[in-house]
Amino acid sequence: MANRLALTMVFALSFASYLAPDVMLSVQLVPLVLFAVIVIFKIFFSRGLLHALESLFAADSLLFVVFLSLLIVISSMQPKYDKSFAFSLVLSSFLILARLYTTMVPLSEIAEAFFWSGVISVAIFLPLVFGSLLESMRTLSRFSAFAFHPNLLGFVLGGYFCAMIWKLLTGGPAIRLISAFAGIVCLVIMFFASSRGSIAGVVAGCAVIAAISIVRPPKGGRRKLVKSLLISAALICAAVVWVQHLDWFKDGYDAAGAVLALTDPNRGVDSGLTGRVDKWQRTISALSDGSWLFGHGIRSSDMQDQLIDNSYLVMTYEVGIVPLILVVCRYAVVLHRFLRNYLSSVSSAEAMFYLSCLLFTLVFLTSNFFARFLLAVGNPCSLFAAFLFVSPLYSTGAIPIRASALGATAAV
(Lines give C-alpha, C1' and ligand atoms only; values in the text may rest on other atoms or scores of the structure.)
Protein backbone atom coordinates (compact mmCIF):
# COMPACT_ATOMS: atom_id res chain seq x y z
CA MET A 1 0.00 0.00 0.00
CA ALA A 2 2.80 2.43 0.90
CA ASN A 3 4.51 1.71 -2.41
CA ARG A 4 1.29 2.42 -4.33
CA LEU A 5 0.73 5.67 -2.44
CA ALA A 6 4.28 6.79 -3.16
CA LEU A 7 3.96 6.02 -6.87
CA THR A 8 0.58 7.80 -6.95
CA MET A 9 2.38 10.82 -5.55
CA VAL A 10 4.95 10.59 -8.36
CA PHE A 11 2.26 10.75 -11.03
CA ALA A 12 0.28 13.45 -9.20
CA LEU A 13 3.36 15.63 -8.68
CA SER A 14 4.19 15.30 -12.36
CA PHE A 15 0.76 16.76 -13.12
CA ALA A 16 1.00 19.38 -10.37
CA SER A 17 4.31 20.69 -11.73
CA TYR A 18 2.26 22.51 -14.39
CA LEU A 19 0.05 24.30 -11.87
CA ALA A 20 2.59 27.11 -11.55
CA PRO A 21 2.54 30.16 -13.84
CA ASP A 22 5.72 28.93 -15.54
CA VAL A 23 7.20 25.47 -15.96
CA MET A 24 10.35 25.12 -13.88
CA LEU A 25 12.69 22.24 -14.64
CA SER A 26 13.70 22.01 -10.99
CA VAL A 27 10.07 21.41 -10.05
CA GLN A 28 9.62 18.81 -12.79
CA LEU A 29 12.58 16.88 -11.38
CA VAL A 30 10.86 16.45 -8.00
CA PRO A 31 8.67 13.47 -9.00
CA LEU A 32 11.63 11.84 -10.76
CA VAL A 33 13.80 12.19 -7.66
CA LEU A 34 10.95 10.78 -5.57
CA PHE A 35 10.70 7.81 -7.91
CA ALA A 36 14.45 7.20 -7.63
CA VAL A 37 14.09 7.12 -3.83
CA ILE A 38 11.18 4.65 -4.18
CA VAL A 39 13.30 2.35 -6.34
CA ILE A 40 16.20 2.49 -3.91
CA PHE A 41 14.05 1.43 -0.96
CA LYS A 42 11.90 -0.99 -2.96
CA ILE A 43 14.63 -2.74 -4.94
CA PHE A 44 18.07 -2.15 -3.51
CA PHE A 45 17.04 -2.96 0.06
CA SER A 46 15.06 -6.08 -0.80
CA ARG A 47 15.77 -9.73 -1.44
CA GLY A 48 14.68 -9.27 -5.04
CA LEU A 49 17.69 -7.12 -5.94
CA LEU A 50 19.49 -9.96 -7.72
CA HIS A 51 16.37 -10.84 -9.73
CA ALA A 52 15.90 -7.20 -10.74
CA LEU A 53 19.51 -6.88 -11.84
CA GLU A 54 19.25 -10.11 -13.84
CA SER A 55 16.18 -8.71 -15.59
CA LEU A 56 18.15 -5.61 -16.52
CA PHE A 57 20.51 -7.86 -18.50
CA ALA A 58 17.76 -9.82 -20.22
CA ALA A 59 17.72 -9.64 -24.02
CA ASP A 60 14.78 -7.25 -24.32
CA SER A 61 16.21 -4.96 -21.64
CA LEU A 62 19.68 -4.87 -23.17
CA LEU A 63 18.18 -3.83 -26.52
CA PHE A 64 15.27 -1.57 -25.60
CA VAL A 65 16.53 -0.08 -22.33
CA VAL A 66 20.31 -0.24 -22.02
CA PHE A 67 21.27 0.06 -25.69
CA LEU A 68 18.54 2.63 -26.38
CA SER A 69 19.68 4.71 -23.40
CA LEU A 70 23.26 4.51 -24.61
CA LEU A 71 22.28 5.74 -28.08
CA ILE A 72 20.32 8.65 -26.56
CA VAL A 73 23.26 9.71 -24.39
CA ILE A 74 25.78 9.44 -27.23
CA SER A 75 23.61 11.47 -29.62
CA SER A 76 23.18 14.15 -26.94
CA MET A 77 26.90 14.73 -26.39
CA GLN A 78 26.93 17.23 -29.24
CA PRO A 79 27.20 20.98 -28.46
CA LYS A 80 24.18 22.18 -30.46
CA TYR A 81 22.04 22.38 -27.33
CA ASP A 82 23.92 22.70 -24.07
CA LYS A 83 21.28 20.93 -21.95
CA SER A 84 20.91 17.88 -24.19
CA PHE A 85 23.41 15.77 -22.28
CA ALA A 86 21.77 16.47 -18.93
CA PHE A 87 18.33 15.67 -20.32
CA SER A 88 19.63 12.44 -21.84
CA LEU A 89 21.05 11.33 -18.49
CA VAL A 90 17.73 12.01 -16.76
CA LEU A 91 15.74 10.11 -19.37
CA SER A 92 18.14 7.17 -19.49
CA SER A 93 18.32 6.93 -15.71
CA PHE A 94 14.53 6.83 -15.49
CA LEU A 95 14.28 4.07 -18.10
CA ILE A 96 16.77 1.92 -16.21
CA LEU A 97 15.16 2.55 -12.82
CA ALA A 98 11.71 1.89 -14.27
CA ARG A 99 12.94 -1.42 -15.67
CA LEU A 100 14.20 -2.46 -12.24
CA TYR A 101 10.94 -1.31 -10.66
CA THR A 102 8.62 -3.14 -13.05
CA THR A 103 10.58 -6.33 -12.46
CA MET A 104 9.43 -6.30 -8.83
CA VAL A 105 6.08 -4.48 -9.02
CA PRO A 106 3.12 -5.82 -11.06
CA LEU A 107 1.83 -3.63 -13.84
CA SER A 108 -1.62 -3.63 -12.27
CA GLU A 109 -0.25 -1.83 -9.20
CA ILE A 110 1.38 0.82 -11.38
CA ALA A 111 -1.92 1.25 -13.24
CA GLU A 112 -3.73 1.63 -9.91
CA ALA A 113 -1.35 4.44 -8.95
CA PHE A 114 -1.86 6.10 -12.33
CA PHE A 115 -5.64 5.88 -11.94
CA TRP A 116 -5.69 7.42 -8.47
CA SER A 117 -3.30 10.16 -9.55
CA GLY A 118 -5.83 10.99 -12.26
CA VAL A 119 -8.62 11.19 -9.70
CA ILE A 120 -6.49 13.40 -7.43
CA SER A 121 -5.35 15.61 -10.31
CA VAL A 122 -8.90 16.14 -11.59
CA ALA A 123 -10.15 16.80 -8.04
CA ILE A 124 -7.51 19.50 -7.54
CA PHE A 125 -7.56 20.94 -11.05
CA LEU A 126 -11.32 21.31 -11.60
CA PRO A 127 -12.05 23.69 -8.67
CA LEU A 128 -9.04 25.83 -9.60
CA VAL A 129 -10.16 26.31 -13.21
CA PHE A 130 -13.94 26.02 -12.84
CA GLY A 131 -14.58 29.71 -13.46
CA SER A 132 -12.34 29.97 -16.50
CA LEU A 133 -13.78 26.71 -17.87
CA LEU A 134 -17.30 28.11 -17.60
CA GLU A 135 -16.12 31.28 -19.35
CA SER A 136 -14.64 29.19 -22.14
CA MET A 137 -17.95 27.34 -22.48
CA ARG A 138 -19.85 30.61 -22.62
CA THR A 139 -17.60 32.36 -25.14
CA LEU A 140 -16.48 29.22 -27.04
CA SER A 141 -12.89 30.42 -26.63
CA ARG A 142 -10.00 27.99 -26.33
CA PHE A 143 -9.46 26.87 -22.74
CA SER A 144 -6.01 27.01 -21.16
CA ALA A 145 -4.82 27.08 -17.58
CA PHE A 146 -1.62 27.65 -15.63
CA ALA A 147 1.50 26.43 -17.45
CA PHE A 148 -0.40 23.80 -19.45
CA HIS A 149 -0.40 24.27 -23.18
CA PRO A 150 -3.93 23.28 -24.31
CA ASN A 151 -2.53 20.39 -26.35
CA LEU A 152 -0.45 19.12 -23.44
CA LEU A 153 -3.47 19.34 -21.14
CA GLY A 154 -5.56 17.37 -23.64
CA PHE A 155 -2.79 14.81 -24.04
CA VAL A 156 -2.54 14.15 -20.29
CA LEU A 157 -6.31 14.05 -19.77
CA GLY A 158 -6.63 11.65 -22.71
CA GLY A 159 -4.34 9.24 -20.85
CA TYR A 160 -6.27 9.69 -17.62
CA PHE A 161 -9.51 9.03 -19.52
CA CYS A 162 -8.23 5.56 -20.43
CA ALA A 163 -7.57 4.83 -16.75
CA MET A 164 -11.12 5.94 -15.92
CA ILE A 165 -12.48 3.54 -18.54
CA TRP A 166 -10.61 0.69 -16.85
CA LYS A 167 -12.18 1.36 -13.47
CA LEU A 168 -15.55 2.02 -15.02
CA LEU A 169 -15.42 -1.52 -16.40
CA THR A 170 -14.04 -3.28 -13.32
CA GLY A 171 -14.70 -1.19 -10.22
CA GLY A 172 -17.46 -1.31 -7.64
CA PRO A 173 -20.36 1.19 -7.56
CA ALA A 174 -18.41 3.94 -5.77
CA ILE A 175 -15.33 3.56 -7.97
CA ARG A 176 -17.47 3.54 -11.11
CA LEU A 177 -19.18 6.74 -10.04
CA ILE A 178 -15.83 8.43 -9.41
CA SER A 179 -14.44 7.11 -12.70
CA ALA A 180 -17.47 8.24 -14.70
CA PHE A 181 -17.34 11.76 -13.27
CA ALA A 182 -13.57 12.12 -13.73
CA GLY A 183 -13.78 10.66 -17.25
CA ILE A 184 -16.49 13.12 -18.27
CA VAL A 185 -14.46 16.01 -16.85
CA CYS A 186 -11.44 14.84 -18.86
CA LEU A 187 -13.47 14.75 -22.08
CA VAL A 188 -15.08 18.16 -21.47
CA ILE A 189 -11.75 19.85 -20.77
CA MET A 190 -10.13 18.14 -23.76
CA PHE A 191 -12.93 19.44 -25.98
CA PHE A 192 -12.81 23.05 -24.79
CA ALA A 193 -9.00 22.99 -24.83
CA SER A 194 -9.50 22.23 -28.53
CA SER A 195 -6.86 19.52 -28.33
CA ARG A 196 -7.86 17.90 -31.59
CA GLY A 197 -4.89 15.52 -31.73
CA SER A 198 -5.79 14.06 -28.35
CA ILE A 199 -9.47 13.85 -29.29
CA ALA A 200 -8.52 12.04 -32.49
CA GLY A 201 -6.34 9.66 -30.45
CA VAL A 202 -9.19 8.85 -28.05
CA VAL A 203 -11.68 8.34 -30.90
CA ALA A 204 -9.28 6.12 -32.84
CA GLY A 205 -8.34 4.11 -29.76
CA CYS A 206 -11.96 3.55 -28.73
CA ALA A 207 -12.89 2.53 -32.29
CA VAL A 208 -10.13 -0.09 -32.40
CA ILE A 209 -11.03 -1.38 -28.94
CA ALA A 210 -14.70 -1.67 -29.95
CA ALA A 211 -13.66 -3.75 -32.95
CA ILE A 212 -11.34 -5.93 -30.87
CA SER A 213 -14.04 -6.55 -28.26
CA ILE A 214 -16.08 -8.34 -30.94
CA VAL A 215 -13.30 -10.92 -31.21
CA ARG A 216 -13.64 -11.75 -27.51
CA PRO A 217 -17.24 -10.95 -26.56
CA PRO A 218 -18.51 -10.82 -22.98
CA LYS A 219 -20.84 -13.46 -21.58
CA GLY A 220 -23.81 -13.83 -23.85
CA GLY A 221 -21.90 -14.63 -27.01
CA ARG A 222 -20.57 -12.85 -30.05
CA ARG A 223 -23.90 -12.94 -31.86
CA LYS A 224 -25.58 -10.99 -29.07
CA LEU A 225 -22.76 -8.42 -29.06
CA VAL A 226 -22.81 -7.95 -32.84
CA LYS A 227 -26.60 -7.64 -32.77
CA SER A 228 -26.39 -4.97 -30.08
CA LEU A 229 -23.73 -3.05 -32.01
CA LEU A 230 -25.74 -3.14 -35.23
CA ILE A 231 -28.89 -1.97 -33.46
CA SER A 232 -26.94 0.82 -31.76
CA ALA A 233 -25.38 1.90 -35.06
CA ALA A 234 -28.79 1.92 -36.74
CA LEU A 235 -30.30 3.99 -33.94
CA ILE A 236 -27.43 6.47 -34.07
CA CYS A 237 -27.73 6.87 -37.85
CA ALA A 238 -31.49 7.34 -37.56
CA ALA A 239 -31.02 9.90 -34.79
CA VAL A 240 -28.48 11.84 -36.86
CA VAL A 241 -30.80 11.90 -39.87
CA TRP A 242 -33.71 13.05 -37.71
CA VAL A 243 -31.93 15.81 -35.75
CA GLN A 244 -29.78 17.27 -38.51
CA HIS A 245 -32.63 19.55 -39.58
CA LEU A 246 -33.38 20.79 -36.07
CA ASP A 247 -32.20 24.25 -35.09
CA TRP A 248 -30.63 23.18 -31.81
CA PHE A 249 -28.58 20.51 -33.61
CA LYS A 250 -27.32 23.07 -36.13
CA ASP A 251 -26.45 25.45 -33.30
CA GLY A 252 -24.60 22.68 -31.48
CA TYR A 253 -22.74 21.71 -34.62
CA ASP A 254 -21.71 25.32 -35.24
CA ALA A 255 -20.59 25.67 -31.62
CA ALA A 256 -18.49 22.51 -31.86
CA GLY A 257 -16.95 23.80 -35.08
CA ALA A 258 -16.11 27.08 -33.37
CA VAL A 259 -14.50 25.37 -30.35
CA LEU A 260 -12.46 23.04 -32.53
CA ALA A 261 -11.63 25.92 -34.91
CA LEU A 262 -12.54 23.86 -37.98
CA THR A 263 -12.95 26.93 -40.17
CA ASP A 264 -10.30 29.11 -38.54
CA PRO A 265 -7.76 30.28 -41.16
CA ASN A 266 -4.87 29.51 -38.79
CA ARG A 267 -6.11 26.23 -37.28
CA GLY A 268 -8.85 25.04 -39.63
CA VAL A 269 -8.99 22.05 -41.95
CA ASP A 270 -7.22 24.03 -44.69
CA SER A 271 -4.29 25.08 -42.47
CA GLY A 272 -2.27 21.91 -42.99
CA LEU A 273 -2.81 20.71 -39.41
CA THR A 274 -2.10 24.21 -38.09
CA GLY A 275 1.04 24.47 -40.17
CA ARG A 276 2.38 21.13 -38.99
CA VAL A 277 2.56 19.60 -42.46
CA ASP A 278 4.80 22.39 -43.78
CA LYS A 279 7.00 22.10 -40.69
CA TRP A 280 7.23 18.34 -41.10
CA GLN A 281 8.31 18.78 -44.71
CA ARG A 282 10.99 21.31 -43.74
CA THR A 283 12.23 18.99 -41.00
CA ILE A 284 12.49 16.06 -43.39
CA SER A 285 14.44 18.26 -45.81
CA ALA A 286 16.76 19.36 -43.00
CA LEU A 287 17.47 15.72 -42.16
CA SER A 288 18.78 15.12 -45.67
CA ASP A 289 22.22 16.34 -44.54
CA GLY A 290 22.75 12.98 -42.81
CA SER A 291 21.65 14.09 -39.34
CA TRP A 292 18.81 11.53 -39.52
CA LEU A 293 21.39 8.92 -38.52
CA PHE A 294 22.67 10.38 -35.25
CA GLY A 295 20.37 13.34 -34.59
CA HIS A 296 21.13 16.65 -32.90
CA GLY A 297 20.63 15.71 -29.26
CA ILE A 298 17.65 15.41 -26.92
CA ARG A 299 15.49 18.56 -26.73
CA SER A 300 17.49 20.22 -29.53
CA SER A 301 14.25 20.65 -31.49
CA ASP A 302 13.12 23.09 -28.77
CA MET A 303 15.50 25.64 -30.27
CA GLN A 304 13.52 25.89 -33.51
CA ASP A 305 11.17 28.80 -34.18
CA GLN A 306 8.24 26.43 -34.60
CA LEU A 307 8.15 23.18 -32.64
CA ILE A 308 7.90 19.88 -34.49
CA ASP A 309 4.57 18.57 -33.27
CA ASN A 310 5.17 14.98 -34.27
CA SER A 311 7.01 12.72 -31.83
CA TYR A 312 8.24 10.38 -34.54
CA LEU A 313 9.91 13.20 -36.44
CA VAL A 314 11.11 14.74 -33.18
CA MET A 315 12.90 11.52 -32.21
CA THR A 316 14.52 11.27 -35.64
CA TYR A 317 15.66 14.88 -35.49
CA GLU A 318 16.96 14.64 -31.94
CA VAL A 319 18.46 11.15 -31.55
CA GLY A 320 18.39 9.59 -35.01
CA ILE A 321 16.55 6.88 -36.85
CA VAL A 322 17.85 3.86 -34.89
CA PRO A 323 16.33 4.89 -31.52
CA LEU A 324 13.07 5.67 -33.31
CA ILE A 325 13.00 2.19 -34.84
CA LEU A 326 13.70 0.64 -31.45
CA VAL A 327 10.90 2.62 -29.79
CA VAL A 328 8.35 1.85 -32.50
CA CYS A 329 9.26 -1.85 -32.52
CA ARG A 330 9.03 -2.04 -28.75
CA TYR A 331 5.58 -0.46 -28.68
CA ALA A 332 4.50 -2.84 -31.45
CA VAL A 333 5.56 -5.72 -29.20
CA VAL A 334 3.72 -4.16 -26.25
CA LEU A 335 0.53 -3.85 -28.32
CA HIS A 336 0.84 -7.44 -29.49
CA ARG A 337 1.35 -8.77 -25.96
CA PHE A 338 -1.58 -6.76 -24.56
CA LEU A 339 -3.81 -8.06 -27.34
CA ARG A 340 -2.69 -11.66 -26.89
CA ASN A 341 -3.06 -11.51 -23.13
CA TYR A 342 -6.53 -10.01 -23.53
CA LEU A 343 -7.63 -12.79 -25.85
CA SER A 344 -6.22 -15.49 -23.55
CA SER A 345 -7.37 -14.01 -20.23
CA VAL A 346 -9.19 -16.40 -17.92
CA SER A 347 -11.16 -13.78 -15.99
CA SER A 348 -13.19 -10.74 -16.93
CA ALA A 349 -11.17 -8.46 -14.64
CA GLU A 350 -7.89 -9.58 -16.22
CA ALA A 351 -9.33 -9.17 -19.73
CA MET A 352 -10.55 -5.64 -18.97
CA PHE A 353 -7.17 -4.71 -17.55
CA TYR A 354 -5.30 -5.74 -20.68
CA LEU A 355 -7.95 -4.17 -22.89
CA SER A 356 -7.59 -0.87 -21.02
CA CYS A 357 -3.80 -1.01 -21.32
CA LEU A 358 -4.25 -1.64 -25.03
CA LEU A 359 -6.58 1.36 -25.24
CA PHE A 360 -4.08 3.59 -23.42
CA THR A 361 -1.21 2.53 -25.68
CA LEU A 362 -3.25 3.10 -28.84
CA VAL A 363 -4.38 6.55 -27.66
CA PHE A 364 -0.82 7.40 -26.64
CA LEU A 365 0.76 6.36 -29.94
CA THR A 366 -1.93 8.03 -32.06
CA SER A 367 -1.84 11.29 -30.11
CA ASN A 368 1.92 11.48 -30.57
CA PHE A 369 1.48 12.00 -34.29
CA PHE A 370 0.43 15.52 -33.24
CA ALA A 371 2.44 15.84 -30.02
CA ARG A 372 6.04 15.37 -28.86
CA PHE A 373 5.86 13.10 -25.81
CA LEU A 374 6.65 9.65 -27.22
CA LEU A 375 9.73 9.16 -25.04
CA ALA A 376 9.51 11.71 -22.25
CA VAL A 377 9.30 11.96 -18.46
CA GLY A 378 7.81 15.43 -17.99
CA ASN A 379 4.13 14.49 -17.64
CA PRO A 380 2.21 11.63 -15.97
CA CYS A 381 0.92 10.18 -19.23
CA SER A 382 4.42 9.79 -20.67
CA LEU A 383 5.64 8.39 -17.35
CA PHE A 384 3.01 5.64 -17.38
CA ALA A 385 3.76 4.90 -21.04
CA ALA A 386 7.45 4.55 -20.12
CA PHE A 387 6.52 1.92 -17.52
CA LEU A 388 4.65 -0.03 -20.20
CA PHE A 389 7.61 0.41 -22.53
CA VAL A 390 10.25 -1.04 -20.18
CA SER A 391 8.07 -3.63 -18.42
CA PRO A 392 9.57 -7.14 -18.79
CA LEU A 393 7.91 -9.26 -21.43
CA TYR A 394 8.41 -12.95 -20.85
CA SER A 395 8.58 -15.66 -23.47
CA THR A 396 5.01 -16.73 -22.64
CA GLY A 397 3.76 -13.27 -23.47
CA ALA A 398 2.66 -12.55 -19.93
CA ILE A 399 3.17 -9.13 -18.48
CA PRO A 400 3.96 -8.98 -14.75
CA ILE A 401 0.60 -8.85 -13.02
CA ARG A 402 -0.81 -10.44 -9.90
CA ALA A 403 -4.12 -12.23 -10.27
CA SER A 404 -4.85 -11.38 -6.66
CA ALA A 405 -4.44 -7.70 -7.39
CA LEU A 406 -6.87 -7.94 -10.27
CA GLY A 407 -9.35 -9.80 -8.15
CA ALA A 408 -9.13 -7.14 -5.47
CA THR A 409 -9.63 -4.48 -8.11
CA ALA A 410 -12.77 -6.12 -9.43
CA ALA A 411 -14.16 -6.44 -5.93
CA VAL A 412 -13.75 -2.76 -5.02
### Query
Given the conditions (1) in a helix (DSSP H, G or I); (2) within 21 Å of SER132 (Cα to Cα), and given that VAL202 satisfies all but one, which numbered condition is not satisfied?
(2)
### Among the candidates LEU100, LEU50, residue that is under 23 Å from VAL334 (Cβ atoms) and either of a type in the set (Ser, Thr, Tyr) or in a helix (DSSP H, G or I) (or both)
LEU100
### Summary
Of ALA58, ALA16, the only residue that is under 24 Å from TRP116 (Cβ atoms), at pLDDT 90 or above and surrounded by 15 or more Cβ atoms within 10 Å (Cβ to Cβ) is ALA16
## Note on the structure
Contact list, first residue from region 277-299 and in a helix (DSSP H, G or I), second anywhere and of a type in the set (Gly, Ala, Ser), beta-carbon distance below 7 Å, six or more apart or interchain, is ASP278/GLY272
### Query
If you take the residues of region 77-93 that are crowded, with 21+ Cβ neighbours inside 10 Å and not polar (S, T, N, Q), which of them is nearest to ILE178 (Cα to Cα)?
LEU91
### Query
Can we say SER88 is farther than 30 Å from PHE125 by Cβ, of a type in the set (Ser, Thr, Tyr), out of contact with any Ser or Thr (no Cβ under 6 Å at 6 or more places or on another chain) and touching a residue at least 24 places away in the same chain (Cβ under 8 Å)?
no
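Where in region 317-412 are the helices (runs of 4 or more DSSP H), entirely inside, with at least 1 residues that are at pLDDT 95 or above?
Hits in region 317-412: 321-343, 348-367, 380-390.
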### Query
Only one residue in SER271, SER213, SER194 is part of a loop (DSSP other than H, G, I, E, B) and modelled with pLDDT of 75 or more. Which one?
SER194
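The values are calculated or read from the model by the stated rules, or taken from the named source; none is laboratory data. Just so we're clear, the structure is a prediction, and the values are computed from it rather than from any experiment. For neighbour counting, all protein chains shown are included, and Cβ atoms are generated from backbone atoms with ideal geometry for every residue, glycine included.
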